[in-house]
Each structure stands twice: as structure tokens, then as C-alpha cells.
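Engineer: Below is the structure I would like to discuss, written out as C-alpha cells.
Every read-out reported here was derived from the displayed coordinates using simple, explicitly stated rules and does not represent laboratory data. If you're wondering where the values come from, they're calculated on a predicted model, not measured in any experiment. Note that each Cβ is placed from the backbone with ideal geometry, even for glycine, and that neighbours are counted across all protein chains shown.
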Amino acid sequence: MKLLFDHNISPRLVRSLSDLYPNASHVSMVGLDTADDRTVWQYAQTHGYIIVTKDSDFSDISVLLGFPPKIIWLRLGNCTTSDIERTLRNGYVGITEFAADPTTGTLELF
């Protein structure tokens, strides 16, 4: 399972979550630090990533284009990087099941 963290998520999570998500990356680490959402979408699709984001844009694109890539939409509001890390750690089992489910394209975590 490969996660790609969007612009609105700290790249520090790649390292701090490497024990659970060793194949995670951040848009800034793959040369997409100034890319628009469609470019990130295409990169994730081509390279087999699940996009992790805090905004609705990728969910909207998924409605229009379908999936892959899959989307993990963090609906946490204004929160810290630690809050995001905790949510992704606590949601590991559900995220793993979501990644394996061919019928679901978006997972919302609160």
C-alpha cells in the first residue's frame, strides 16, 4: 500500500509513519510540490498511490473520473500534524481493508 500525502499534509509524516506505511511519499518528494490536483491525480494513478488529503478536491475529481487512484479524505478540520499521525495510526486496519477493496474509491476519516 502506497500513500501519497497532498500539499496540505506535512512531509514529516512520511518518516514518522514509515513503520506502518513504508511506501508513503509526499508530493514535494516526487517533484509535485507546485503541481495542480489533476497532475497529482495522474501521478498517483500511474504510480499506484492512494492520495491522502485534507480537502474535498480529490473526492470531487473521483466522482467525475472514478478510481484509481483511491482517496483518503481526512475530515479533521483545523488540526496538528500529530492529530493526523494519530488518525492514520488508529485507522491502519480500516485503511488496509480500504486499500484492498476494489469497490470503494474514497475513505473519509474523522
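Engineer: Using the structure shown, decide if Thr104 is of a type in the set (Ser, Thr, Tyr), assigned to a helix (DSSP H, G or I), over 18 Å from His7 (Cα atoms) and free of Cβ contacts under 8 Å to residues at least 40 places away in the same chain.
Structural biologist: no
Engineer: Filter the range 1-17 down to residues that are free of Cβ contacts under 8 Å to residues at least 60 places away in the same chain and of a type in the set (D, E, K, R) and give me whichever is surrounded by the most Cβ atoms within 10 Å (Cβ to Cβ).
Structural biologist: Step by step, filter the range 1-17, then rank; the result is Asp6.
Engineer: One residue is enough: does the range 63-86 have a residue meeting the conditions farther than 15 Å from Tyr49 by Cβ, in contact with a Gly (Cβ under 8 Å, 6 or more places away or on another chain) and of a type in the set (Gly, Ala, Ser)?
Structural biologist: Scanning the range 63-86 turns up at least one residue that is farther than 15 Å from Tyr49 by Cβ, in contact with a Gly (Cβ under 8 Å, 6 or more places away or on another chain) and of a type in the set (Gly, Ala, Ser).
Engineer: A further question on this structure: Can you tell me which residues in the range 49-84 are of a type in the set (A, V, I, L, M) and surrounded by fewer than 20 Cβ atoms within 10 Å (Cβ to Cβ)?
Structural biologist: Across the range 49-84, the qualifying residues are Ile61, Val63, Leu64, Leu65, Leu76.
Engineer: Collect the residues in the range 18-37 that are touching a residue at least 60 places away in the same chain (Cβ under 8 Å) and surrounded by fewer than 19 Cβ atoms within 10 Å (Cβ to Cβ), keeping them in residue-number order.
Structural biologist: Leu20
Engineer: Please go through the range 63-79 and give me each residue that is among the hydrophobic types (A, V, I, L, M, F, W, C) and touching a strand residue (DSSP E or B) at 6+ places or on another chain (Cβ under 6 Å), ordered by number.
Structural biologist: Hits for the range 63-79 are Ile71, Ile72, Trp73, Leu74.
Here is a yes/no grid of residues against (1) under 10 Å from the mean Cα position of the chain (by Cα); (2) assigned to a loop (DSSP other than H, G, I, E, B); (3) more than 17 Å from Asp83 (Cβ to Cβ); (4) among the acidic types (Asp, Glu):
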| residue | (1), (2), (3), (4) |
| --- | --- |
| Asn8 | no, yes, no, no |
| Asp19 | no, yes, yes, yes |
| Asn23 | no, yes, yes, no |
| Thr34 | no, yes, yes, no |
| Ser59 | no, no, yes, no |
| Val63 | no, no, yes, no |
| Pro69 | yes, yes, yes, no |
| Trp73 | yes, no, no, no |
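Engineer: I would also like to ask the following. For a quick check of your reading of the model, give me the residue pairs whose first member lies in the range 53-76 and is more than 19 Å from Asp33 (Cα to Cα), whose second is part of a loop (DSSP other than H, G, I, E, B), with beta-carbon atoms closer than 6 Å and at least 6 apart or on different chains.
Structural biologist: Correct list of pairs: Ser62/Gly105; Phe67/Gly105; Lys70/Gly105; Leu74/Lys54; Arg75/Phe110.
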